[in-house]
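Chemist: Submitted below is the structure of interest, expressed as structure tokens.
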Amino acid sequence: MKLEEETKNGTDTGETVVKTEKEIEDSKADVKVDIKPETKRELGDSDDESPADRKKIKQEARVSRHCPYLDTINRGVLDFDFEKLCSISLSRINVYACLVCGKYFQGRGNNTHAYTHSVSEGHRVFLNLESQRFYCLPDNYEVIDASLGDILYVLNPTFSSDLIKRLETSTKESRAFDGSMYTPGVVGLNNIKANDYCNVILHALSHVEGLRNYFLDENNYKNIKRPPGDISFLLVQRYGELIRKLWNPKNFKAHVSPHEMLQSIVLCSKKKFEITKQGDAGAVLPWFLNSLHMALGGTKKRSSSIIYKQFLGSMRIHTKKIMPTDVDPKRQRELQASGEYDWKVEESPFLFLTSELPPPPLFKDEFHENIIPQVSLYNILSKFNGQTEREYKTYKDNFLKKFELVRLPKFIILFIKRFTKNTFFVEKNPTIVNFPVKGIEFGDLLSDEDKAKHKEGTTYDLMANIVHDGSWEKGSYKVHVLHKGSGQWYEMQDLHVTSILPQMITLTEAYIQIYERREPEANVKMETS
């Protein structure tokens, strides 16, 4: 039988396509095929080509549209959350996903891993993860079929401005491919080994409205330029991908693996944070926010990045050096006159507020059980009223400090310091913080002059609450988030997602809280209701 070889241009490896006489004769048949403009561009069709060339392109499109192996695709095994590298060579170049078994392989030419897999296993349909084009191997032709659009959407979800607006108020549940129901934005995250301390941060920030809407639209940041050799922009790309997958209304499964996001955190933090060893969520959050700010080209200006726009506030710090006690009265008068021990004031920006807990009691109650102390949220926030003095010690001098809030951001991150580290061990303070879920008035911490400058209001509602359970060595993290569309609170611990009553949230050992400023319209509604 006569064989004809044609070199197929535009392939990744420049391989050859072998056609039989029957295929050549079939390709000569004059069959009208309606090809979309974008498909013409992919296939090389243009007005400058001869009628014979255009006819040939149409016939190739006809062959590719009638792939007989599409029914072998198994959407239940497809998972695009993991690193896109070949499962054999571990190369990231020219990687294809087998749509029958879900594994990744390199290349599609003769003797490549994908080609060998297709011959040995009989798996025919593959997806190029970079170009997002489908191919049938070992026949090596491109597959163009509208039924494959859902696979492309799961690989790279896209959100229009209308869809992003609907997410804010939507109460609609989505059905995954396996039949399970889930609410977009409220889906579990895999715990690969010991990364629950990162998962809670990713969950909490994914519900910060301005931050979420910014990363749902890739056009907001895809053209940001970074210096050569700078790997920090990887954080932005991976975080954007994760946010789009968390809020994807067309997922194949009701959970997401943050594997690529975590790998970028390990890489960009130079292994300060790892996925195989438990870490501190309170350390990840400030590093992550500052790293995202810098990667987005942020500067010291308030409007230089979406991070500063959402979280940056300002405070005045009053500092006074404490006079040494072992100095004679004459020397004390001289030091006092020098001005070195006067109050000094400086204004400082902040991304989050850190508050201390009172020390726990040392003794047990009459039933010989440990007393679980409680403290009000307003007591620990009194640190920022501009009047409460606290002593801070350094290796050389002691200082008195007072903190006064000046400008409140749209979202306030409150870090409740529970862990005290010394030379030998880490001690946890189990004190329960009593806090309201709605209507926290941060304006009480402002001076009358500063409060008058806040035209947007100073009343805040809790929207995320990160909790640490257990001891430092064997403890675990979980997060409570408010789904604004339905008004329902959810408790999320890795893959476990359950609804929870707001009253139960206040009984937990809160570690990090995020408060959202209430809109003026909401204030009016609350007062009239």
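The values are calculated or read from the model by the stated rules, or taken from the named source; none is laboratory data. Predicted, not measured: the structure shown is a model, and the values here were computed from it. Reconstructed Cβ throughout: ideal geometry from the backbone, glycine too, with neighbour counts over all protein chains shown. Each accessible area value is taken on the protein alone, full model and side chains, heavy atoms only, with ligands, DNA and RNA left out. Shrake-Rupley method; radii C 1.70, N 1.55, O 1.52, S 1.80 Å.
Chemist: Is it the case that the stretch 131-139 has a residue that's assigned to a loop (DSSP other than H, G, I, E, B), at pLDDT below 90 and touching a Phe, Trp or Tyr at 6+ places or on another chain (Cβ under 7 Å)?
Modeler: no
Chemist: Are there strands (runs of 3 or more DSSP E) fully within the stretch 410-522 with at least 1 residues that are open to solvent by 70 Å² or more (accessible area, probe 1.4 Å) and hydroxyl-bearing (S, T, Y)? List them.
Modeler: It comes to 419-421, 496-500.
Chemist: Output the residue which, of all residues in the stretch 97-124 that are surrounded by fewer than 18 Cβ atoms within 10 Å (Cβ to Cβ) and among the β-branched types (V, I, T), is farthest from L70 (Cα to Cα).
Modeler: T116
Chemist: Next question. So S476 passes all but one of these: (1) in contact with an Asp or Glu (Cβ under 6 Å, 6 or more places away or on another chain); (2) at pLDDT 95 or above. Which condition number does it fail?
Modeler: Single failed check for S476: (2).
Chemist: Something else: Condition first: within 12 Å of the chain's Cα centre (by Cα) and either modelled with pLDDT under 90 or open to solvent by less than 10 Å² (accessible area, probe 1.4 Å) (or both). Now tell me which residues in the stretch 222-241 satisfy that.
Modeler: Those that are within 12 Å of the chain's Cα centre (by Cα) and either modelled with pLDDT under 90 or open to solvent by less than 10 Å² (accessible area, probe 1.4 Å) (or both): L235, V236, Y239, G240.
Chemist: Search the stretch 246-285 for residues being in contact with an Asp or Glu (Cβ under 7 Å, 6 or more places away or on another chain) and aliphatic (A, V, I, L, M), and hand back the single one that is most open to solvent (accessible area, probe 1.4 Å).
Modeler: V266
Chemist: How many residues, within the stretch 400-409, are within 30 Å of T325 (Cβ to Cβ) and open to solvent by 50 Å² or more (accessible area, probe 1.4 Å)?
Modeler: The total comes to 1.
Chemist: Please go through (1) out of contact with any helix residue (DSSP H, G or I) (no Cβ under 6 Å at 6 or more places or on another chain); (2) of a type outside the set (S, T, Y); (3) under 23 Å from F80 (Cβ atoms) for I164 and return the number of the only condition it doesn't satisfy.
Modeler: For I164, the failing item is (1).
Chemist: Considering only helices (runs of 4 or more DSSP H) fully contained in the stretch 257-322, which possess at least 3 residues that are in contact (Cβ under 8 Å) with a residue 24 or more places away in the chain and within 29 Å of H454 (Cα to Cα)?
Modeler: Fully inside the stretch 257-322 and qualifying: 281-295, 306-311.
Chemist: So, L202, is that one open to solvent by 30 Å² or more (accessible area, probe 1.4 Å), assigned to a helix (DSSP H, G or I) and aliphatic (A, V, I, L, M) or not?
Modeler: No: the conditions fail for L202.
Chemist: Here's a check for you: in the stretch 323-338, which residue that is in a helix (DSSP H, G or I) and charged (D, E, K, R) is farthest from F352 (Cα to Cα)?
Modeler: Only one residue fits best here, namely K330.
Chemist: When both residues are 6+ apart or on different chains and their Cβ atoms are under 6 Å apart, which pairs have a first residue that lies in the stretch 85-107 and is closer than 14 Å to V119 by Cα and modelled with pLDDT of 95 or more, and a second that is hydrophobic (A, V, I, L, M, F, W, C) and surrounded by 17 or more Cβ atoms within 10 Å (Cβ to Cβ)?
Modeler: Pairs that qualify, where the first residue is closer than 14 Å to V119 by Cα and modelled with pLDDT of 95 or more and the partner is hydrophobic (A, V, I, L, M, F, W, C) and surrounded by 17 or more Cβ atoms within 10 Å (Cβ to Cβ), are C98/F126; F105/C86; F105/A114.
Chemist: Give F311, F352, F288, F384 a once-over and let me know the one that is surrounded by 16 or more Cβ atoms within 10 Å (Cβ to Cβ), closer than 16 Å to F415 by Cβ, of a type in the set (A, V, I, L, M, F, W, C) and more than 28 Å from the chain's Cα centre (by Cα).
Modeler: Within the list F311, F352, F288, F384, the selection yields F384.
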